[in-house]
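This report refers to the structure that appears directly beneath it.
The values are calculated or read from the model by the stated rules, or taken from the named source; none is laboratory data. Predicted model only: the values in this text are computed from it and were never measured. In this analysis, Cβ positions are derived from the backbone assuming ideal geometry, glycine residues included, and neighbour counts consider all displayed protein chains. Areas reflect the complete protein model, heavy atoms only, side chains present, ligands, DNA and RNA absent. Shrake-Rupley method; radii C 1.70, N 1.55, O 1.52, S 1.80 Å.
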Amino acid sequence: MPGKRFMAVLLAALFLVLGGVVVRAEQGEVEYKVKAAFLLNFARFAAWPESAAAEPRFALCVLGDDPFGPALAGIESKEIGGKAILLRHLASAADGIDQCRLLFVGKSEQGNLGRILSTIAGQPILTVSDIEGFAKAGGVFEFKDRDGRLSFIINNTKAKASGMHISASLLNLAVEVL
Amino acid sequence: MFFARPGHWADGFVPPAGRFLGCGVIMDWIDHKTAAAVALLCVVVVDMARATESNEYLDMDIGQLMNVTVTSVTKKAQPLSDAAAAVFVITQEDIRRSGVTTVPDALAMAPGLQVAKISASKWSVSSRGFAGLTSNKLLVLIDGRSVYSPAHSGVFWDTQNVMLEDVERIEVVRGSGGTLWGANAVNGAINIITKKAEDTQGALVRAGVGSQHTSSSAARYGGKISDVAYGRLYLTYDDHASNTLHQTGGDADDSSQPMQTGFRMDGKPGNGQEWTLQGDMYENNGDQLVFPYWTAESVVPAALFDEIDAKGGNLLGRWRQELGDGKAVTFKAYYDNAQRDEAIYKLQFDTLDLDLQYETKLGQRQNLTMGTGYRSVQGSFDRTFQISLPDRSDSLYSAFLQDEINILADRLWLTLGSKYEHNDYTGSEWQPSAKLLWKPADRHSLWASAARAVRTPAIVEQYGRLTMARYSIPNPSFPAGPPLEGTVSFVGNPDFDSEIVNAYETGYRWQATDALSFDLALFYNDYDEIYTVKPPATPSLDVDYEFVNGQSGHGDGFELAADWKARSWLSFILTYSYLQLDLTTDPMVDNHSGSSLVEDAAPQQQLGIRSSILLAPDWRLNLWGRYVDDIAGRNSSDLLGQPVPIDAYCLLDANLIWTPNKQLEVMLAGQNLTNSGQLQYLSEYSTPATEIDRGVYGKVTWRF
């Protein structure tokens, strides 16, 4: 039946035409949308020392190549501990990394990891990354894929050493606490 | 329509300044009339942008976030998609967006599968050819429990009424799965995996009405049993209306009313232990029109308006203990009872299955998995004129060993393994396989495999008797007297052996970008000892065709799946399958119908395109088009006649989902929208050609 074959070809053509229209494929949206939401939750279940409590805004930083893209849209309208969020993108650790309260380390920084973590050692900065081995290397939160769902490892020793407190309910949810 | 409402921006979203500015600048230099239109357009565009850009996950709490499956994006993180096999995963989201209301209908989303609806309660679901109501080269498991019926080697789909909202995912593995799953996974295995109880907490109520699916209702409640254990209970009831007879346009009398209830409990008591206990009970009351229906009294086929009563239940337990260092022990046991009472099948099966598995690491680079299993199948049958089977009590013993060797760290893996089974029909069966997976770079994986798999005989093929036709001829020695009457039957043959496939496959998976991925699989299957029927050597009035392993040949082809998330609000999934079967019948068999029936029952090409469009934050439109090449089926009222052709056809499903809040979901769906009725397959036995009618339904799902 040529009519039905035609429909099939039409469907295929539609798919291909739409393929040509889109110039830029978007970032892995669900994964990083969920990771962005995790960042908020990590911050809400953590407490910073007095020195940081006085700051008017909560600085949430992304260091290196930003994997979130549009997934962070709207995050600045959220609050953490009654403070508005200030979203900052840092090209390198030299860009005022010490003002960050939550620092997401992008995969592009994998090679500089040791240097970054030693720069901020002892400072009340909650570090998060999806670099494998991040928590072992001295980061606080490491995302972990568990059968297609996201979980995380917490390096609580490091968090305590930096003067931060992570709530027990969050520690309970972690796949591993170091 | 989905225009912005006043004060729309206030709820937590600030539109990007650039977009607003763009609209403002345009409006400054055009006249007022056009400005109004542009303003409207801008509002729409910005509203779409809002749908695009606000991150809907930001308001979720951590418990909810940990339950979001990000598999669709990070497919490579999934152990199965790292497998050296042609795997396609149908996710819960795919099921929800497809608007399907039954498990077999959902399977049509996978490439390489031929899913044809025979009537309201019968399907032919097959992989890489060999379609049929008794499609026997595809194994189907629900949470590890086989639903492949040993009576005729196939699945009674009308009693597999898993609550679709509770399905976590369906893994469709094409190609030989004998090493992992054992006999009968010749051309594939389907794993239907339901959610863990902790992922189905709270209540869900679904109510739907429609033209074909006249009633669709379900209820589920999930709760916490203790600090470490969760449970759920569910109940579903469906009413499927009858379809239309192809030849006469009359009522096909195939309505069906399945009901199923069940529970699942999962616990993690700590110390690396994990357990699951689950069970179901079901009953399907349906009608069927049996034609041709042969009786001992007449040589003229009758049409019988029959009632189906199929019921059963099962209980499954699984316990896993992790022992550290990648070692783990898993024990699984299930009991399954399946009964069927209708004009043709009057049977009952009781199955007990025990399965023990041990995983361990061997040095730094090897993962060793070994297992052993035992299955007891008790079958009892009431003889009908259509089919006669002896009561059976069968045992199956199995053992398997598989070693995954990481030859080059994170780049190259070799998996070697074999299953050994001993069954009461053919004795020992070996099903080895070798698989190679190579990841030359991130986002690219290439795989190749060689495997042997078998399909062990169904009871009917060794010990059964099927009435296929009756006829009369004038009495040659007394032409004036009453004619002589005879019966054509297919009879079992105790020497009937297993069917064998040697399968060679290769594939390539490419995650081109985070939003675009491709999956290509090519295969060459070498078949031997495929079943057919052999006419008797000496002529007699009653013609007994014997089941024999009289066909051999090959099947080859490829399947392509492309997944493209073009925008955060627009996605496409394309599947394409190409198949060529070439079988020849052994000349000694001398069978007229031969191998062309098997070849012609498989469509050479199949195409599917699904698209999902988020029209506004709370409105989603889903479209699904399918194309199936022309096939031919057996004319069941004239067995030796020419195959009956079914022209190529297209099916279009569409639905609109409205989710005003997290609790409520409303769907309006249409199935088979372009045809008033579509003949999809001709059953090789007793169901007259039935056109599946167009269906429209609406449903409301409420979670609280």
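The table that follows gives values for the structure above.
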{"read-out": "For the stretch B:150-174 versus the stretch B:268-295, the gap between their alpha-carbon centres in whole angstrom", "value": "9 Å"}
{"read-out": "Where the Cα pairs of the stretch B:94-168 fall when distances are cut into 5 Å bins, in %", "value": "3, 16, 27, 28, 19, 6, 1, 0"}
{"read-out": "Fraction of alpha-carbon pairs over 37 Å apart in chain B - percent", "value": "42 percent"}
{"read-out": "Per residue accessible area in Å² of the protein assembly as shown, where ligands, DNA and RNA are left out and the probe is 1.4 Å", "value": "42 Å²"}
{"read-out": "Area accessible to solvent at B:ASP309, 1.4 Å probe radius, in Å²", "value": "40 Å²"}
{"read-out": "Accessible surface of the protein assembly as shown, 1.4 Å probe, proportion on carbon and sulfur as whole %", "value": "58 percent"}
{"read-out": "Rg and Dmax of the stretch B:73-212, Cα atoms only, in Å", "value": "15.1, 44"}
{"read-out": "At 1.306 mPa s and 10 °C, Stokes D of the stretch B:252-325 from Kirkwood alpha-carbon radius, µm² per second", "value": "97 µm²/s"}
{"read-out": "Angstrom value of the Kirkwood radius, inverse mean 1/r, which spans all Cα pairs in the stretch B:400-546", "value": "19.9 Å"}
{"read-out": "Using distinct alpha-carbon pairs, which all enter the 1/r mean, Kirkwood radius of the stretch B:580-657 in Å", "value": "15.5 Å"}
{"read-out": "Protein-only accessible surface order, largest first, of A:LEU87, B:LEU347, B:LEU668 at 1.4 Å", "value": "B:LEU668, A:LEU87, B:LEU347"}
{"read-out": "Cα-centre dipole for chain B with unit charges at Cβ (Lys and Arg positive, Asp and Glu negative), debye to 20", "value": "2160 debye"}
{"read-out": "Reduced Cα scattering model of the stretch B:193-259, Debye log10 I(q)/I(0), q = 0.22 Å⁻¹", "value": "-0.90"}
{"read-out": "Helical contribution to [θ] at 222 nm, DSSP H n ≥ 4, -39,500 (n - 2.57), averaged over the protein assembly as shown, rounded to 500", "value": "-4000 deg cm²/dmol"}
{"read-out": "Per-residue ³J(HN,Hα) for the stretch B:520-529, Karplus 6.51 cos²θ - 1.76 cosθ + 1.60, θ = phi - 60°, Hz, x for Gly and Pro", "value": "10, 10, 10, 9, 9, 10, 9, 9, 9, 6"}
{"read-out": "Area of B:LEU570 that stays accessible when all protein chains are in place (1.4 Å probe, Å², to 10)", "value": "20 Å²"}
{"read-out": "Folded to 0 to 90 degrees: helix B:32-53 orientation relative to chain B principal axis, Cα", "value": "60 degrees"}
{"read-out": "The stretch A:44-135, Rg to Rh (Cα coordinates; Rh as Kirkwood inverse mean 1/r)", "value": "0.94"}
{"read-out": "Solvent-accessible surface (1.4 angstrom probe) belonging to B:ASP638, in square angstrom, nearest 10", "value": "80 Å²"}
{"read-out": "Relative intensity, log₁₀ I(q)/I(0), of the protein assembly as shown from a Debye sum that treats every alpha carbon as a point, q = 0.10 Å⁻¹", "value": "-1.19"}
{"read-out": "Angle in degrees between helix B:17-28 and the longest Cα principal axis of chain B, rounded to the nearest 10", "value": "70 degrees"}
{"read-out": "The stretch B:311-449, Rg to Rh (Cα coordinates; Rh as Kirkwood inverse mean 1/r)", "value": "1.13"}
{"read-out": "Calculated on alpha-carbon atoms, Rg and Dmax of the stretch B:567-704 in Å", "value": "20.5, 68"}
{"read-out": "List B:ARG411, B:ARG626, B:ARG455, ordered by accessible area with a 1.4 Å probe, largest first", "value": "B:ARG411, B:ARG626, B:ARG455"}
{"read-out": "Sequence of B:TYR57, B:TYR334, B:TYR531, B:TYR221 from largest to smallest accessible area, 1.4 Å probe", "value": "B:TYR221, B:TYR531, B:TYR57, B:TYR334"}
